[in-house]
Amino acid sequence: MKKIIYILNVVLASAGLLFTSCDLDAPAKSAAESQVVTSTYALAEGLVMGIHQSFAETNSYRGRYIPFYGINSDIEWINNISGQLADDGKYELTGYAARPTNTQMNTENNAWAKFYEGIERANLAIEGLRDFGNVENDPDMAQLLGEALTLRAVIYLDLIKGWGDVPLRLEPISTETVYLPRTDRDIIYKQLLADLAEAEELVAWPNGSNITSSTERVNKAFVKGLMARIALYASGYSQRSDGVRRSTDPELSVDNMYKLVKEKTLEVINSGTNRLDEFEQNFRLLCQDNVQAGNESLWEIPFSAGRGRVLYTFGIRHRVVNQYTGQAQGGVNGPIPTLFYDYDVDDIRRDITCIPYNWNNNPAVQQLSTLKSWCFGKLRYEWMSRRVISTNDDGINWQYMRLADVYLMAAEAINELEGPAAAAPYLKPILDRALPPAKVTAYMTRATAGKEAFFNAIVEQRAFEFAGESLRKADLIRWNLLKVKLDEAKDKMRQLANREGPYADLPEKLYYQTAPDGETLMIYGLNHGDTDEIGASLEYESSTVWIAPDKLPDELIDALYQKDPDQNQFWPIWKTFIDISNGMLSN
């Protein structure tokens, strides 16, 4: 059980500060109460932990934003799309066709409301800590202020990613500010960057204090990384009322923002406070609830052991309760079928990220899935150090940012500013842990041939590195490649189904049997250059047609998106909230 939940429940309850969204209709607490809470560290920490609670509530990040935002992309989709076509609510959200009456989101306790609940809690904490926290002289109270500013920035950034222009409220709600219109996202981006510039001076580096020894708490490396991420989004393309374009605000120009990205990412890298683990090790630590700061993870949305649907959504599917889990879940979202085949055969990320099997029976054994139903493998019940007993929640944290992202953001920005030779040292470490040395050298030679070649390498490597981490959709939007890449993905899936183009050297069948350990599936036929002749000669126990048009039908491929993605980059504001906005909100 994570300490945050304990702090929240004990401290806030004792202070009488547990509140619900109903309390947001009018000013919540008196100045006297605020002074008591925000001048006492234990109580002030509980107030900041209340922001975390809004992340974890049922229809907030836990059950709505994490499962649905970022899906579908050119590397990720919601599995069983053909089944989801009948479930309009889920398919609308992932298929670029959401309506204001969406059945998954159009409720008053949903993600939109919970995000603004978290913002209200952050505003209360920020105001109180500024007024009564003595942050100039108390580093621990300064840490709390920086943490509240950062958590508010996270929520606002995710609101922009989900809905575009959204209402901006920076102070606790009052009768004058109950109803607010949308605010231009450029104004919000600049506010967030200013807030984070303050926060980075307030919080400690990872392991710089007892507080920042955990990846569940905000630290200086994450704040700087978040500034870089926001700067890339702010200077990138997105859908606006007059089309898909970059900002016209000179403060958010590519040159200004990429200089900021370079500055902040290099500060993180050069600090040496975090390190690139082996690729698999990062995810094993995540599954083991290891929140020790200083490894690859910069910050995680924390969930208690009985909360959160991260592995439930993005893990390898277990069809029944077995020796590894008391929860029969996983595999809700998965990689599109071409992703596995697009990796280099020697790329160690491939077999960790893309899994062609699921677990069945008790004791569990691996069984072959289908071409259309791959699982992500970065999160696995079998890697966990505790047994999940909840039927609906798994308690795995959502890794919001890791050091590999900082390296690739640095490489992208420096290439734009100074060219590929200067950017190469920040791409190479990502390749060094993924590929054999000779292949790294060959790849870097191609990538550094020119600025465009290097940019294309960044686009490719961010796909291979972050598949299943819900970064891709926002990346494609800021690059103005969303529809281009989704159409490319559809074309590639058709080529795969027919074993054409880059997939012409794949066999029709897979050949497989259970290994002597009684649970591992041995598979032949997944690699480029494998042949049916060799597969048949192995005399494995089973074989099946794996690649054929009926294994990846057009209906499934076309379901990657329902409406033009470039005209539907954002979800609408849900009708529930428009109806109670006093005419201030519209789509």
Inset, instruction - For the stretch 394-407, indicate whether the set of residues that are at pLDDT 95 or above, acidic (Asp, Glu) and not in a helix (DSSP H, G or I) is non-empty. - result: yes
Inset, instruction - Please enumerate the residues belonging to the stretch 110-134 that are assigned to a loop (DSSP other than H, G, I, E, B) and either crowded, with 19+ Cβ neighbours inside 10 Å or under 22 Å from the mean Cα position of the chain (by Cα) (or both). - result: Asn110, Gly133
Legend entry - Within the stretch 282-379, strands (runs of 3 or more DSSP E) holding 2 or more residues that are more than 23 Å from the chain's Cα centre (by Cα): 357-360, 365-368
Legend entry - Near pairs, Cβ below 8 angstrom, 6+ apart or cross-chain, from the stretch 139-150 (closer than 15 Å to Val37 by Cα) to any residue that is in a helix (DSSP H, G or I) and of a type in the set (Phe, Trp, Tyr): Asp140/Tyr41; Met141/Tyr41; Leu144/Tyr41
Inset, instruction - Return the total of residues in the stretch 533-563 being within 27 Å of Ile78 (Cα to Cα) and charged (D, E, K, R). - result: 6
Inset, instruction - Just need a number here: residues in the stretch 411-459 that are touching a Pro at 6+ places or on another chain (Cβ under 6 Å) and more than 23 Å from Glu488 (Cβ to Cβ). - result: 1
Inset, instruction - List every residue pair whose Cβ atoms lie under 6 Å apart, where the two residues are 6 or more positions apart in sequence or sit on different chains, the first residue falls within the stretch 453-468 and is surrounded by fewer than 20 Cβ atoms within 10 Å (Cβ to Cβ), and the second residue, located anywhere, is part of a helix (DSSP H, G or I) and modelled with pLDDT under 95. - result: none
Inset, instruction - Scan Asp530, Asp517, Asp505, Asp566 and give me the residue that is out of contact with any strand residue (DSSP E or B) (no Cβ under 7 Å at 6 or more places or on another chain) and within 30 Å of Asp74 (Cβ to Cβ). - result: Asp505
Inset, instruction - Restrict the check to the stretch 564-579 and report whether at least one residue is within 30 Å of Arg240 (Cα to Cα), without any contact (Cβ under 8 Å) to a residue 12 or more places away in the chain and surrounded by fewer than 18 Cβ atoms within 10 Å (Cβ to Cβ). - result: yes
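Just give me the residues in the stretch 253-281 being hydroxyl-bearing (Ser, Thr, Tyr) and in a helix (DSSP H, G or I), in sequence order. Explain how you work it out, then say what you get.
First pass over the stretch 253-281, keeping only residues hydroxyl-bearing (Ser, Thr, Tyr): 253, 258, 265, 271, 273.
Answer for the stretch 253-281, where residues must be hydroxyl-bearing (Ser, Thr, Tyr) and in a helix (DSSP H, G or I): Tyr258, Thr265, Ser271.
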Inset, instruction - List every residue pair whose Cβ atoms lie under 7 Å apart, where the two residues are 6 or more positions apart in sequence or sit on different chains, the first residue falls within the stretch 223-247 and is over 29 Å from Ala199 (Cα atoms), and the second residue, located anywhere, is in a loop (DSSP other than H, G, I, E, B) and modelled with pLDDT of 95 or more. - result: Gln239/Gly164; Gln239/Gln569; Gln239/Phe570; Val244/Tyr237; Val244/Asn480; Arg245/Tyr237
Legend entry - Residue among Ile173, Ile188, Ile211 that alone is surrounded by fewer than 24 Cβ atoms within 10 Å (Cβ to Cβ) and in contact with a Phe, Trp or Tyr (Cβ under 7 Å, 6 or more places away or on another chain): Ile188
Legend entry - Output for the stretch 55-75, where each listed residue is of a type in the set (Ser, Thr, Tyr) and surrounded by fewer than 23 Cβ atoms within 10 Å (Cβ to Cβ): Thr58, Tyr69
Inset, instruction - Restrict the check to the stretch 481-497 and report whether at least one residue is within 24 Å of the chain's Cα centre (by Cα), among the acidic types (Asp, Glu) and part of a loop (DSSP other than H, G, I, E, B). - result: no
Legend entry - Near pairs, Cβ below 6 angstrom, 6+ apart or cross-chain, from the stretch 281-294 (farther than 15 Å from Asp394 by Cβ) to any residue that is at pLDDT 95 or above and acidic (Asp, Glu): Asn282/Glu296; Val291/Glu216
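Sort through Arg182, Arg217 and tell me the only one that's surrounded by 23 or more Cβ atoms within 10 Å (Cβ to Cβ) and touching a residue at least 60 places away in the same chain (Cβ under 8 Å). Outline the logic, then answer.
On the way: Arg182 fails: surrounded by 23 or more Cβ atoms within 10 Å (Cβ to Cβ).
Just a single option satisfies the conditions, and that option is Arg217.
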Inset, instruction - Quick one: in the stretch 191-208, of everything that is in a loop (DSSP other than H, G, I, E, B) and more than 22 Å from the chain's Cα centre (by Cα), which residue is surrounded by the fewest Cβ atoms within 10 Å (Cβ to Cβ)? - result: Asn207
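The values are calculated or read from the model by the stated rules, or taken from the named source; none is laboratory data. None of the values given here were measured: they were computed from a predicted structure. In this analysis, Cβ positions are derived from the backbone assuming ideal geometry, glycine residues included, and neighbour counts consider all displayed protein chains.
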